[in-house]
1. Give me the accessible area per residue for region 9-84, probe 1.4 Å, as a whole number in Å².
2. If I take the Cα coordinates of region 9-84 and project them onto the principal axes, what are the three extents in Å, biggest first?
3. Sorted by packing (mean other beta-carbon atoms within 10 Å per residue), highest first, where do 266-272, 568-574 land?
4. Apply the Karplus curve 6.51 cos²θ - 1.76 cosθ + 1.60, θ = phi - 60°, to the phi angles in region 278-286 and return the couplings in whole Hz, x for Gly and Pro.
5. Output the relative contact order of region 429-575, whole-number percent, from Cα pairs under 8 angstrom with separation of 6+ residues.
6. Counting other Cβ atoms within 10 Å, keep those with at most 14, restrict to DSSP loop, and tell me which trypsin sites (Lys or Arg not before Pro) in region 69-128 are left.
7. Would you mind telling me the share, in percent, of accessible area of region 429-575 contributed by carbon and sulfur at probe 1.4 angstrom?
8. So what's the net charge close to Glu434: Lys and Arg +1, Asp and Glu -1, counting the other residues with Cβ under 14 Å from its Cβ?
Amino acid sequence: MSSESCGSSLLLALSDDVFSIVTWSLSPRDIGNLSLCCRSLYALMESEKVWQIQCEIVGIVPLQDLVQWRKAVSSYKSLFRFLFSVQPLMGIWVHQNPELGNVVYVMPGFVSVVGCRIIPQELGPLGIEDGPILWAPVFEIIGDFDGSTSFFLHGREKGHDYVYPGFVKSIGRSCNVLLLEIEPRLHKNQGKSLHSKSFVHHSDEELSRKICRSNSGLSRSQRVFGQSETLVPFSRLAFSDRRKLLDVITSQIRLKVPDAAVGPLFPRLRDNDENFQKDLVLLLERRSMLIQMHKLGGGHMDSKASSLLPSDPSQLQLSEIRKSLDRLSGSQNSINGDDGHRQCNRRKTLSKYFRDSLNQIFGKSIATNANSKNSSSSSENKHASLEDFLSSGDTIGLTLHASHVKLSSYRAWPNMHDSRFAIYRLPLRIPTAEQEYAGLWGGTFGWPPGKSSKDKPGKALFFLLLSYEECQGQQLLIATKILEGTHYVLHPNGSAMFVVNIDEPSFDPFPWDTNADADSLAVNIKDVFKGEGIANGYGFRYPGSKPGSLFVFQDGQLAFIWKESRAVLTLQRLNLQELLKKGERVPALPPIANFSYLTKSYSNVFAEFPNTSTSWVPSREEQSDP
């Protein structure tokens, strides 16, 4: 078919500049549809220029970085395939535990994205912009030569750094939870391609439709067997079984990080071109080594694990996993024995006694007794069988699953499950003319901001998410705490440090001299809003509030001041990507806790303070509670 007959002559006749402008308005679906029209348009839509622009539209890295990333992949189309698949992961992810804060920021590396945990810390004398921010690696997803993905969980055990290779499951475009899971797989090529390469870039809905279509010609028994892994998801297992599986799998697939792969996970800032180019060389070598380790295991595997692993170190033979689980279960049974069984029966008897007593009070004992058998049987069916889960494949591996679940929230903070190995997306709004203060802010207590003294060599660094909420016709600005650098937590994670009514101005004076002298800082006040700041209430979980005012300065900084105590929390906008590129890397936790720390804690579990005698905790005058 000729170009004229298919209507492609107009596009083919456009100059390069005009064609580039047209390409910016095309979606990937539009490009795919045009490429199906005729051979000429197919060749045009497959050009490097078209897919380079698509890579720019994704917006993960600027053009100058795209040029460098292109050297490591087969084409801009392959690079787009990787960028488009990981784009929903970019941003801030959190967890409720520990209460000091658990913030993971996903940012670009080098043909990769890296999940970095911000460590609760004190602010040094150099301040936020110039002082190094402490961080630890959580996971990274590396793009291969063809744009496919390789997942690595990071962890540290017995003084050594390890990576734990796995798969990236389907990434939903609107994902709000990242789950660390175990997935059985068929070792045959058909089974592997079904979940790894063919659908690695499709959403959950597209994956389901494709699986249904691919199995339409199979018998019912074949479909059930082939899709048994979808019928018994990892989340259906009991918590103890999920924890046990994660422990066993990570202990077997771990790969010790060689010296050549200890280098940077992302390049430093471009302010020093020589250092930047050195980082690119190291990153390219490190990436090639990790991809090779993911595929073959190389010589960097534990000798104990190497005998168990197939050629792909991210998958294990289920027969060996069953043996490991049996040994683990046997050891636990020998420890607990009959004594544990008697204690369990005693707990059930006591709980039944109190439950029946309460039911008699409310007149429900007859209904409870009538349905006792049904309730006991339903509790047994609450969780899926571990054997049913393992029988859905002959190999098993670690997966990162980005999914969308229904989550309620309170003042921008999601209500999280306490038994899932997961981290949750924190919605980060882009500032607009109507919501100019939305976004991520950081700061410290005390005035002048960020200034240390001999008696207080360091100040606790706070990260706050500022968001807007309309309540009874009024526009409220809410500052949610997501990170606190004190030695022991003062306020619950996710609590509102202050709430301000943007529609109600405040006439409170600024308590310090606004003219610059030897002991003060010159400030130009732009706006002042009335609000309330956090204070001691009914215990740690239920803080109260006291009146205060939010001062907005001409230079863009903010300061919330509690009216009675004159305690002040000063804030400035943060660019986490730039801060991390200037930051300092610290060791990670063991792999599972490094991804999702489920244990309730009120202290800093991610890093020890270098000197607890000098670690700063706000005095009563400087705390938010007067």
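1. Numbers: 4010 Å² over 76 residues.
For region 9-84, the solvent-accessible area averages 53 Å² per residue.
2. 34, 22, 19
3. Numbers: 266-272: 13.9, 568-574: 22.0.
Taking the mean over residues of other Cβ atoms within 10 Å, the ranking is 568-574, 266-272.
4. 5, 4, 4, 4, 5, 5, 5, 5, 5
5. Numbers: 315 pairs, mean separation 29.5, N = 147.
Relative contact order for region 429-575 comes out at 20 percent.
6. On the way: sites: Arg70, Lys71, Lys77, Arg81, Arg117; in loops: Lys71.
Sites meeting the loop and neighbour criteria: Lys71.
7. Numbers: 3340 of 6880 Å².
Using a 1.4 Å probe with all protein chains present, region 429-575 comes out at 49 percent carbon and sulfur.
8. Numbers: positive: Arg429; negative: Glu436, Glu469, Glu470, Asp503.
Surrounding charge for Glu434 is -3.
The values are calculated or read from the model by the stated rules, or taken from the named source; none is laboratory data. These figures come from a predicted structure and were not determined experimentally. A quick note on method: Cβ atoms are made from the backbone with ideal geometry, for glycine too, and the neighbour counts reach across all protein chains shown. Ligands, DNA and RNA are stripped out before the accessible areas are found, and what is left, the full protein with its side chains, is counted by its heavy atoms. Shrake-Rupley method; radii C 1.70, N 1.55, O 1.52, S 1.80 Å.
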